[in-house]
Amino acid sequence: TQDLGDGYLSKTHFQVRNRNIPPDLKEKNSDNIEQTLFTHVEESSDDSQVAGICATEEVIRYEYHVLYSSSYQVPVLYFRAYFLDGRPLTLDEIWKSVHACYKARLLEGPWDTITQQEHPLLGQPFFVLHPCRTNEFMSSVLTSSRKQNRHINYIVLWLSTVGPVVGLNLPLSYANIAPKQNTNADSV
């Protein structure tokens, strides 16, 4: 039986991807072509609000869920991406959308890093950033933060590290979510 106390954090955003870039625009903007290819659209309550995009562009809906892995005892990022007509992106298309600065490291073991499995609460297929190395990379970040006596919000720190790999970029305002550090030594 499913525990009704289980839940997850969720974020949805739309990304507009140009299908065809005119040759003259490619020449003028060759160093900044990625910004031309992808435009992020803020979360919308309804797919129809972004469906009016012109025929040279595709709209991809990204849905991100953060769950807790009791096996690894860390958060896990589940996500799916699909076109407005309902066609899901394939694993190959997901890999093509991973930014180049992450791709080389991740491609060393792509089946260990991004996999597809059933969402544990929804029972639907989602892609997953595998949590096996989360403790490894987060421990060094946490150690550094503690040495500098900085209070951190673990979820925001973790999500700002793993999210950009699959197109989830947190606004800088999320950095302000961490509570102010308590200066009273008597309270814990």
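The values are calculated or read from the model by the stated rules, or taken from the named source; none is laboratory data. Please read all numbers here as calculations on a predicted model, not as lab measurements. Please note: Cβ atoms are built from the backbone with ideal geometry, for glycine as well, and neighbour counts cover all protein chains shown. All accessible areas refer to the heavy atoms of the entire protein, side chains included, with ligands and DNA or RNA removed. Shrake-Rupley method; radii C 1.70, N 1.55, O 1.52, S 1.80 Å.
Just one of Leu142, Leu172 is at pLDDT 80 or above and open to solvent by less than 50 Å² (accessible area, probe 1.4 Å); which is it? Being at pLDDT 80 or above and open to solvent by less than 50 Å² (accessible area, probe 1.4 Å) holds for just one of Leu142, Leu172, which is Leu142. Based on what the data block shows, is Glu57 at pLDDT below 85, over 24 Å from Thr115 (Cα atoms) and touching a His at 6+ places or on another chain (Cβ under 7 Å)? In short, no. Checking Lys26, Lys96, Lys103 one by one, the residue that is open to solvent by 50 Å² or more (accessible area, probe 1.4 Å), under 22 Å from Val162 (Cα atoms) and at pLDDT below 80 is Lys103 and no other. Annotation note: Cβ proximity below 7 Å between a residue of region 77-100 that is more than 14 Å from Gln15 (Cα to Cα) and a residue that is in a loop (DSSP other than H, G, I, E, B) (sequence gap 6+ or interchain) occurs for Tyr78/His119.
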